[in-house]
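So the structure is just underneath, and the comments pick up after that.
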Amino acid sequence: MADFIIDAKHKSLGRVASEIAVILQGKKNPDYEGRLAGKDSVRVKNVKSIALTGRKKVQKQYYRHSGPLGHLKVRKFGDVFAKNPAWVLRHAVNLMLPKNRLRKPRMKRLTIE
């Protein structure tokens, strides 16, 4: 069981998220088994200074749908990041993990400071 500390300062959002997803799955350990949640935990620092390439800060959007027709909610990356930068990284990591019963226990081992 290892505790990885990642400094996200001036690193790309996708690169950091994919690195975290690999660690949370336990693929960095020699005793990796895909059917187990793994034991490694990750602490991320300096999320406020994470970087995006290109024009993603202006163009990237997050979609959410409430169910009824015409109720698509759209939020811009800049607004979401200004309000809660930890959510942006947590959302990216969540989408990079396999969609199965192990996702929730793996996400609990992610700490964003």
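The values are calculated or read from the model by the stated rules, or taken from the named source; none is laboratory data. Remember, it's a predicted structure, so these values are computed and weren't measured experimentally. For neighbour counting, all protein chains shown are included, and Cβ atoms are generated from backbone atoms with ideal geometry for every residue, glycine included.
Annotations for the structure displayed:
- Each residue in the stretch 33-91 was checked for being among the hydroxyl-bearing types (Ser, Thr, Tyr) and modelled with pLDDT of 95 or more, and 4 pass.
- Every residue from the stretch 40-68 that is assigned to a helix (DSSP H, G or I) and more than 14 Å from the chain's Cα centre (by Cα): SER49, LYS56, LYS57, VAL58, GLN59
- The residue list VAL22, VAL58, VAL88 contains one member that is closer than 22 Å to ALA8 by Cα, in contact (Cβ under 8 Å) with a residue 60 or more places away in the chain and of a type outside the set (Gly, Ala, Ser), which is VAL88.
- With respect to the conditions (1) touching a residue at least 12 places away in the same chain (Cβ under 8 Å); (2) surrounded by 11 or more Cβ atoms within 10 Å (Cβ to Cβ), MET1 falls short on a single one, namely (2).
- ILE20 passes every criterion in (1) crowded, with 17+ Cβ neighbours inside 10 Å; (2) over 23 Å from ARG109 (Cα atoms) apart from (2).
Residues checked against (1) under 23 Å from LEU102 (Cβ atoms); (2) among the aliphatic types (A, V, I, L, M):
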site: ARG35; (1), (2): yes, no
site: SER49; (1), (2): no, no
site: LYS56; (1), (2): no, no
site: VAL80; (1), (2): no, yes
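- Every residue from the stretch 61-80 that is under 24 Å from ARG15 (Cα atoms) and surrounded by 10 or more Cβ atoms within 10 Å (Cβ to Cβ): GLN61, TYR62, ARG75, LYS76, PHE77, GLY78, ASP79, VAL80
- Flag if TYR63 is out of contact with any Ser or Thr (no Cβ under 6 Å at 6 or more places or on another chain), aromatic (Phe, Trp, Tyr) and over 22 Å from ILE6 (Cα atoms): yes
- Any hit, the stretch 81-99, residues being surrounded by fewer than 16 Cβ atoms within 10 Å (Cβ to Cβ), more than 17 Å from GLN25 (Cβ to Cβ) and either in contact with a Pro (Cβ under 6 Å, 6 or more places away or on another chain) or aromatic (Phe, Trp, Tyr) (or both): yes
- With respect to the conditions (1) modelled with pLDDT of 95 or more; (2) surrounded by 12 or more Cβ atoms within 10 Å (Cβ to Cβ); (3) not aliphatic (A, V, I, L, M), LYS104 lacks only one, and its number is (2).
- Filtered residues of the stretch 1-39 (kept if part of a helix (DSSP H, G or I) and among the polar types (S, T, N, Q)): SER18, GLN25
- Some residue of the stretch 5-20 being at pLDDT below 95 and polar (S, T, N, Q): no
- Sub-8 Å Cβ pairs linking a first residue in the stretch 61-80 that is more than 18 Å from LYS48 (Cβ to Cβ) and polar (S, T, N, Q) to a second residue that is modelled with pLDDT of 95 or more and surrounded by 10 or more Cβ atoms within 10 Å (Cβ to Cβ), at least 6 apart or interchain, are GLN61/ARG75; GLN61/LYS76; GLN61/PHE77, ordered by first then second residue.
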